[in-house]
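Let me begin by presenting the structure, written as structure tokens, before commenting on it.
Taken together, the values in this text are just the output of simple stated rules run on the coordinates, not laboratory data. Predicted model only: the values in this text are computed from it and were never measured. When we count neighbours, we look across all protein chains shown, and the Cβ atoms used for this are built from the backbone with ideal geometry, even at glycine.
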Amino acid sequence: MPELPEVESFRLYMDSTSLNKTITGVEVQSSSVLAGVTKNALQKKLKGKKFLSTSGYGKYLFAETNNNEFLVMHFGMTGFLNYYKKRDEGGKYIRMQVNFKNGYHLAFDDRRKLGHIYFTDDLKKFIKKKRLGVDPVRENIGYSDFKKYLTGRRGTVKSVFMNQEIFAGIGNIYSDEILFHSKINPNTSFEKLKEKDLKTLFRKMKDILRLAIDKDAEWGELPENFLLHYRKPGKDCPLCSGTIERSTIGGRSSYYCNKHQRLVK
Ligand SMILES: [Zn+2]
């Protein structure tokens, strides 16, 4: 599932392909991805316009038009962008695409159709309506802010870190990764964490997200000791002599090492 680093890589991709080009129209292949906007409204809003810039917040990507409005994309589980010219380069699961005057198309490709497309003229209002917490990277939060957002939180540390109303952009994969390198078991009750655990979590969260963004979210470029290469029960832990295990937390499969990730009591 595209999380903050992946969405940032899509944003850069859009910057390098789709800005300052006249839009001739929009095609919607699966209207189920449209959220709060109709195909006709989208067509009306984008036809004749250009995308001037992009930004991101949490798992959302925003493309601003020269009318100061925003196409908003959330990539669900399998979404990504594809800028292409010939039909046969277009991919199998195009749900919506923007056509440009130069003959190219920007496709929103999403096999499982869990992504969403919105349109808004007010980003702040959109973020508020979605009840998104702070974006830890783009808002560049410090340790005191980090602690402030975590005050009074309950539940497992894993579910706290996946909660978009606390930290927007961290999902199943990166919450596991942060806990793995912080040496904390994902089933640990959040309220059991000590100050030193929070400091470690803050540092690892920053380091891991920053590194993933720097590597353009290319998993193959990420260090060999990253858990995301070993997400299978029974695998050897790349950090110690332990074994990777799986446990379901908050409806998601969490992976962790049974040896070096301690349950804080
Ligand atoms: Zn280990």
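By how many degrees, 0 to 90 and rounded to 10, does the Cα axis of helix 4-17 deviate from the longest principal axis of the chain?
Around 30 degrees separate the two axes.
Sorted by average packing, counted as other Cβ atoms within 10 angstrom per residue and highest first, what order do 52-65, 89-102 take?
Order by mean packing, descending: 52-65, 89-102.
Separation between the ARG154 and THR38 pseudo-spin-labels, each 7 Å from Cα along Cα→Cβ, expressed in nm?
4.5 nm
Ordered by residue, what ³J(HN,Hα) values in Hz, to whole numbers, does the stretch 228-242 give under the Karplus form 6.51 cos²θ - 1.76 cosθ + 1.60, where θ = phi - 60° and Gly and Pro are x?
4, 7, 10, 7, 7, x, x, 5, 6, 5, x, 10, 8, 8, x
Between ASN67 and SER253, take the C-beta separation as r, use R0 = 35 Å, and let me know the FRET efficiency to the nearest 0.05.
E between ASN67 and SER253, to the nearest 0.05, is 0.25.
Once amide H atoms are placed 1.01 Å from N in the peptide plane, what residues at a sequence separation of 5 or more from PHE119, or on another chain, have their amide H within under 5 Å of its amide H?
Amide H neighbours of PHE119, under 5 Å, 5+ apart: VAL72.
Please report, in whole Å, how far the alpha carbons of the chain spread along each principal axis, starting with the longest.
59, 37, 29
Please list, in chain and number order, the residues 5+ apart from GLY169 or on another chain whose amide H is under 5 Å from its amide H, with Hs placed from the backbone.
The answer is LYS59.
Quick one: angle between helix 172-182 and the longest Cα principal axis of the chain, in degrees between 0 and 90, rounded to 10, please.
Between the helix axis and the principal axis of the chain, the angle is about 30 degrees.
Can you tell me the FRET efficiency between GLN29 and ASP88 if r is taken as the Cβ-Cβ distance and R0 is 22 Å, rounded to the nearest 0.05?
0.90
Just to confirm my numbers, what's the Cα centroid distance between the stretch 86-104 and the stretch 121-183 in Å?
34 Å
Which cysteines does the chain leave without a neighbouring Cys Cβ under 4.7 Å?
CYS240
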